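Undergrad: I'd like to ask some things about the structure below.
The values are calculated or read from the model by the stated rules, or taken from the named source; none is laboratory data. On a predicted model such as this, the values are computed, not experimentally measured, just so you know. Note: ideal-geometry Cβ built from the backbone for every residue, glycine included; neighbour counts use all protein chains shown. Surface accessibility is based on the protein's heavy atoms, side chains included, excluding ligands, DNA and RNA. Shrake-Rupley method; radii C 1.70, N 1.55, O 1.52, S 1.80 Å.
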Amino acid sequence: MGVTAESQFHVLAVDDSLIDRKLIERLLKTSSYQVTAVDSGSKALEFLGLDEKQPRIANTTSVPPSYHNQEIEVNLIITDYFMPEMTGYDLLRRIKESNSYKDVPVVIMSSENVPSRISQCLEDGAEEFFLKPVQLSDVNKLRPHLLRGRSGEHHPNSEKRKDREEILSPERTRTRYDVPEVI
């Protein structure tokens, strides 16, 4: 407990695969992030306190109630795209529609390289789209988003918009994502 909460970024990692969840958790902890890992989009919404619109089934195992007692600061959310019940894209939309977390950077991960899906996620607010297996070099790309999120809370998003247009320019997308698919 030597590191104070303010100096450590808190990342919420969402993946239904235990192996992938452990991998991303280890990579994030290696980069000295505080990590909360959950196995579904609905658990992520519950953790964030955004699940009130969804009726809860009484006997489901869920996030411990202690989570709801305090306002949790989440600096970044990284989620798998393909998950049962709610996809990473659905989770992205719910987060971006919320008042409390709409400015929190969201990163999507997927083992499938589908350019149309990637550009749709980026257009609808994802900061990055990582292809699995996620590497330490990918995790290193998170820091600028975290720093901007923390310092830019009271500034208009003009810089963010410029970055996004850069990300979506055809040349940039082509060099980043048109990797031949291995079958």
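Undergrad: Helices (runs of 4 or more DSSP H) wholly in the stretch 114-183 with at least 1 residues that are modelled with pLDDT under 90 and touching a Leu at 6+ places or on another chain (Cβ under 9 Å) - which ones?
TA: Hits in the stretch 114-183: 142-151, 158-168, 170-177.
Undergrad: Considering only residues that are assigned to a loop (DSSP other than H, G, I, E, B), within 16 Å of ASP16 (Cβ to Cβ) and either touching a strand residue (DSSP E or B) at 6+ places or on another chain (Cβ under 8 Å) or modelled with pLDDT of 95 or more (or both), which ones fall in the stretch 60-83?
TA: Scanning the stretch 60-83 gives VAL63, TYR81, PHE82, MET83.
Per-residue answers, yes or no, for (1) over 17 Å from LEU45 (Cβ atoms); (2) polar (S, T, N, Q); (3) open to solvent by 20 Å² or more (accessible area, probe 1.4 Å):
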residue: TYR89; (1), (2), (3): no, no, yes
residue: ILE95; (1), (2), (3): no, no, no
residue: TYR101; (1), (2), (3): no, no, no
residue: PRO115; (1), (2), (3): yes, no, yes
residue: ALA126; (1), (2), (3): no, no, no
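Undergrad: If you don't mind, there's one more thing I want to ask. Between ILE57, ILE19, ILE24, which is surrounded by fewer than 10 Cβ atoms within 10 Å (Cβ to Cβ) and at pLDDT 95 or above?
TA: ILE19
Undergrad: List every residue pair whose Cβ atoms sit under 9 Å apart, with the two residues 6 or more apart in sequence or on different chains, where the first one lies in the stretch 21-33 and is under 18 Å from ASP80 (Cβ atoms) and touching a residue at least 40 places away in the same chain (Cβ under 8 Å) and the second, anywhere, is of a type in the set (Asp, Glu) and surrounded by 13 or more Cβ atoms within 10 Å (Cβ to Cβ).
TA: From residues that are under 18 Å from ASP80 (Cβ atoms) and touching a residue at least 40 places away in the same chain (Cβ under 8 Å), the pairs are LEU23/ASP15; ILE24/ASP15; ILE24/ASP80; LEU27/ASP138.
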